[in-house]
Amino acid sequence: MKKINNYKELVAERLRVQQELALNKAGIEEEVREIKEKLKPVTGLLSFFNSDKKPSLKSTAMQVGANIGIDVLLRNTVLGRAGWLTRLIVPFIAKKLSAKVIEKTVD
């Protein structure tokens, strides 16, 4: 960086810095847009698992039974020798899917 000696040089440097800032902002906005595009499948999956409706008593009772069944069948028998990560993730996904199915059939 060279030393600024007068007002014209200061104005020129300010203009250069503002242009560089605008270019950097445009680059960052483009990168954020690309990241959002890459994450669209993940956000769609997360919106599937999020529910906005409050479950009824009937669906809650059915869900408790389904959760117990999933725990007994998957964790203790089917995934008995699987790794800890598999034993954690597969029942979680099965519970969420069963909650969606029960929610759609009860309503």
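Treating r as the C-beta distance of Leu85 and Val42 and R0 as 22 Å, the FRET efficiency rounds to 0.75.
When only the Cβ of Lys, Arg, Asp and Glu is charged (+1, +1, -1, -1), the dipole of the stretch 1-50 relative to its Cα centre reaches about 200 debye.
Using +1 at the C-beta of Lys and Arg and -1 at the C-beta of Asp and Glu, which of Leu21, Ile93, Tyr7 has the Cα lying farthest in the positive direction of the dipole of the chain? Working it through, the farthest residue towards the positive pole turns out to be Ile93.
Between 0 and 90 degrees, the angle of helix 7-49 with respect to the longest Cα principal axis of the chain falls at about 10 degrees. For the chain, a crude dipole built from +1 on the beta carbon of Lys and Arg and -1 on the beta carbon of Asp and Glu, taken about the Cα centre, is about 220 debye to the nearest 20. Under a model in which nothing but the beta-carbon of Lys, Arg (+1) and Asp, Glu (-1) is charged, the stretch 53-107 shows a dipole of about 120 debye around its Cα centre. Against the chain, whose longest principal axis comes from its Cα atoms, helix 57-70 is set at around 90 degrees. Computed from the C-beta positions of Lys100 and Asn76, the FRET efficiency with R₀ = 25 Å rounds to 0.60. Helical runs assigned H by DSSP (4 residues or longer) give the chain a calculated mean residue ellipticity at 222 nm of -26500 deg cm²/dmol, each run adding -39500 (n - 2.57) before division by the residue total. Our analysis of the stretch 1-50 gives Rg over Rh at 1.44, with the two radii drawn from alpha carbon positions and Rh computed by the Kirkwood formula.
Taken together, the values in this text are just the output of simple stated rules run on the coordinates, not laboratory data. Because the structure is a prediction, the values reported are computed rather than measured. Because the Cβ atoms are built from the backbone with ideal geometry, glycine has one as well, and the counts that use them run over all protein chains shown.
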